[in-house]
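Worksheet for the structure shown next.
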Amino acid sequence: MVQLVLIFCLAGSGTSCKTVRPPFAEPYGSIQSCMLQAEQVAEEQLSDRLDLQGYRLARWRCEAGGLSGTPT
């Protein structure tokens, strides 16, 4: 299984960041499929989650062997 990990930081500060591991309906079958969907999932997280208002996507990665998504 592959897990998407998104790092969002406050737009005015690079030091106040949140790590988000979005839940998924079906796990990514490969690193490539995770990478192809990462930006779309990040945009959805930014528009859907109130706790991410004022944040921007700073970086993301796909991890092999990830857990079933849990926000942190």
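The values are calculated or read from the model by the stated rules, or taken from the named source; none is laboratory data. The structure displayed is predicted, hence computed values, not measured ones. Counting neighbours? That spans all protein chains shown, and the Cβs are built from the backbone with ideal geometry, glycine included.
What to note about this one:
- Output for the stretch 14-53, where each listed residue is under 13 Å from the mean Cα position of the chain (by Cα), part of a loop (DSSP other than H, G, I, E, B) and hydrophobic (A, V, I, L, M, F, W, C): 24
- For the stretch 33-72, the set of residues classified as at pLDDT below 90 and loosely packed, with under 12 Cβ neighbours inside 10 Å consists of 64, 65, 67, 68, 70, 72, listed by residue number.
- Test: residue in the stretch 19-29 that is exposed (fewer than 15 other Cβ atoms within 10 Å of the Cβ), touching a strand residue (DSSP E or B) at 6+ places or on another chain (Cβ under 8 Å), at pLDDT 95 or above and among the β-branched types (Val, Ile, Thr): yes
- Scanning the stretch 1-17 for residues that are closer than 24 Å to residue 65 by Cβ, in contact with a Cys (Cβ under 8 Å, 6 or more places away or on another chain) and surrounded by fewer than 17 Cβ atoms within 10 Å (Cβ to Cβ) returns 7, 17.
- Counted residues, the stretch 13-48 - those being of a type in the set (A, V, I, L, M) and within 15 Å of residue 2 (Cβ to Cβ): 6
- The stretch 1-38, residues that are in contact with a helix residue (DSSP H, G or I) (Cβ under 7 Å, 6 or more places away or on another chain) and closer than 15 Å to residue 63 by Cβ: 2, 4, 6, 20, 22, 28
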